[in-house]
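One structure is given below, encoded as structure tokens.
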Amino acid sequence: LAANGDNQTEDAITLAGATATVLYSSVAGLTVDPSAAINCSSSYNLTVRNSILLKRWGSGEALAGCGSAPVAGSYNDSIDNATGLSWFDGWASDLHLLAAGVTTFTDVAVWQSGDPPTDIDGNPRPTTDGAPDVCGADEGP
């Protein structure tokens with residue numbers, strides 16, 4: 001999921017007065033500060049597991065204003081355009097992983113019972129509790 005907007009400061013997800021579980025997802029904010037992957041405001045309940053959360057430029061967190069939200073087995077960072085182009089097939093509109101992305105995100109996630117058995121393309125994930133996995137929506141090539 002990549003943010004899309006005219007002013008280039010859009011967050012991919014704004015969570016206010018809502019509950020969200022982000023599981024095996026790849027989420028990127030837009031290109032100009034203060035865009036974030038997920039921006040939390042009042043009355044939110046957020047859990048993130050086995051996901052890639054990216055702020056596509058500038059300083060700050062990819063997960064903004066979400067203070068005490070539990071985040072596990074996930075990659076949460078701000079990256080530059082060159083890094084995004086090396087990790088993803090169509091940075092930032094297509095978040096399918098390239099080989100360098102697979103290397104970066106391998107063994108970040110930990111598969112648990114009830115997690116999806118496949119990635120976004122139907123490629124198998126490990127299906128044993130506690131097995132290391134690639135975080136994000138795509139297992140890669």
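The values are calculated or read from the model by the stated rules, or taken from the named source; none is laboratory data. Being a predicted model, the structure only gives us computed values, none of them experimental. As a convention, Cβ positions derive from the backbone with ideal geometry for all residues, glycine included, and neighbour counts pool all protein chains shown. Areas reflect the complete protein model, heavy atoms only, side chains present, ligands, DNA and RNA absent. Shrake-Rupley method; radii C 1.70, N 1.55, O 1.52, S 1.80 Å.
Determine the sum of side-chain charges near THR106: Lys and Arg each +1, Asp and Glu each -1, restricted to other residues whose C-beta is under 15 angstrom from that of THR106.
Once positives and negatives cancel, what remains is -4.
Each residue, GLN112 and ALA99, gets one label point 7 Å from its Cα in the Cβ direction; the gap between the two is 3.4 nm. Each stretch of four or more DSSP H residues adds -39500 (n - 2.57); spread over every residue of the chain, this sum gives -2500 deg cm²/dmol at 222 nm. Cβ distances below 4.7 Å define possible disulfide partners, and in the chain the cysteines left without one are CYS135. Three semi-axes describe the equivalent ellipsoid of the chain; taken as square roots of 5 times the Cα gyration tensor eigenvalues and ordered largest first, they are 23, 19, 11 Å. State the antiparallel share, in %, of DSSP beta bridges confined to the chain, rounding to the nearest 5. So the antiparallel bridges in the chain amount to around 20 percent. Measuring with a 1.4 angstrom probe and ignoring ligands and nucleic acids, VAL108 comes out at about 40 Å² accessible. Based on Cα atoms of segment 61-141, Rg over Rh with Rh as the Kirkwood radius reads 0.98. GNM on the chain, alpha-carbon springs under 10 angstrom: the most fluctuating residue among GLY114, GLY73, GLY17 is GLY114.
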